[in-house]
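No value in this document is a laboratory result; all are computed from the given coordinates. Quick caveat: nothing in here was measured; it's all calculated off a predicted structure. Backbone-built Cβ (ideal geometry, glycine too); neighbour counts: all protein chains shown.
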């Protein structure tokens, strides 16, 4: 055997080992090796492929991230349309749908599969001869963006399917699923963006969708995205299963990541039990779900039921109830954060929602204003899901009067009047480090318990210090004197002495060292 053939054999052996461990870790959640052992295999494979580049293949585990940033995404037509689902908001609506299914099948017995409705972004994954060849976003349902390079960076996406004796892999298959971001990864990402002076994402779904739109897959790779496969789009002529439940089993045997929480139900009462169960349990998951997808299990029954122009008749999505209220958007104010990032804030006509009175709601970023198509004076729907900060989820356009003027993204800072700059993704920023708004919020942050812990330097004090120009940058707090504070409103002798003493505890920070940070 030649030296090259020996290397080729070793490379294929390592690839098979890595795919096996990926399957154990991501699909079965039963890892067999430590991270260090896995990394050792990956390093060895990369070393061999770099030394023998002619042996590299597109579906190798080392090829998840590679190549230069894209110039744009190519639009590709789906082999079969990616239809949306009709929604049900009550159990009565689920039962009414089930009656329509029974009627369409002339009273045949029907079984159902319930699946978690992941709050992520849809994608399709195409495989030929068992290898991942390309993936598309949902787009308009008929065609989507070719986001293959970004999908390949997701560790839970299988690049090479595992052969199965029970369920032979079709020559040409397209499966569909949801790409999402876990809550912990979302929190970490937004914390990193704060440190980098970048705009925050609205929610994990928004972050996942934005990450798949990035032109540099190396950035996408750092977003810790994951995916679940929930259905198939195209199978060619090969089909070794007759039910959706069998498809899920086949997909799992091929190494595709399937949710462990799907359930085969014998009747609609069992379906409703699953909806009620997950309505209570959903907040225990480390990713967001907003309902339960219900599908007729038998594929021949699905075919006979067919679909409308927009939705299949054999499936429906039950949406969990949320705490909602409608009110009027009175104004949109723009806040400047401590890093200079501009955040639009909705000023609302006060309304009770979830037991509290709401008069303000963040709009997160200017892209969100455009996505919602919200205008001042609009009637809007607020939602508080899981006792979180309320958000505007939609505009009631049916009651909109006239043609309201669209909100214009400011070109200058609302505080210092300096020119605004547009940064990557969703961020607009005031670059002036001496902007009073940035100084105020920066002082609040550095005086907080998690930073310098300067007792007595609350918001009202900070606002006075900046307004009177006693503090022009962070280092100025160490030049303050008691007599300076006594000139300010609300400062008496004791309070002034207390703040000077609190500042003195941090005297190791002097003006020059602070400015060098």
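General remarks:
- In the chain, the longest principal axis of the Cα atoms and the axis of helix 183-195 are about 40 degrees apart.
- Helical contribution to [θ] at 222 nm, DSSP H n ≥ 4, -39,500 (n - 2.57), averaged over the chain, rounded to 500: -9500 deg cm²/dmol
- Cα point-scatterer Debye curve for segment 294-452, base-10 log of I(q)/I(0) at q = 0.13, 0.15, 0.16, 0.20 Å⁻¹: -0.79, -0.93, -1.00, -1.21
- Acute angle (nearest 10 degrees) that the helix 244-253 long axis makes with the longest principal axis of the chain, alpha-carbon atoms: 80
- Relative contact order for the chain: 13 percent, from Cα pairs under 8 Å spaced at least 6 residues apart, divided by residue count.
- Rounded FRET efficiency, nearest 0.05, which uses the C-beta distance separating residue 460 from residue 8 and R0 of 51 Å: 0.10
- Segment 323-399: C-alpha pair distances exceeding 20 Å, %: 27
- Segment 178-221 - Kirkwood radius from inverse mean 1/r over Cα pairs (Å): 10.7
- The value obtained for the chain, namely the Cα convex hull volume divided by the number of residues, is 208 Å³ per residue.
- Seen from all directions on average, segment 3-63 presents a Cα convex hull projection of 4.1 nm².
- Segment residue 283-residue 51, length gained on full extension (0.36 nm per residue, minus Cα span): 78.7 nm
- Gain in span if fully extended, residue 300 to residue 400, counting 0.36 nm per residue against the direct Cα distance: 31.5 nm
- Nearest 10 degrees, 0 to 90: helix 35-51 Cα axis against the chain principal axis: 70
- Length added when fully stretched, residue 166-residue 34, from 0.36 nm per residue minus Cα-Cα: 44.5 nm
- Dividing the convex hull volume of the alpha carbon atoms of segment 197-356 by its residue count gives 219 Å³ per residue.
- Solvent-free Debye scattering, log10 I(q)/I(0), computed from the Cα coordinates of segment 179-262 at q = 0.22, 0.24, 0.26 Å⁻¹: -1.01, -1.11, -1.23
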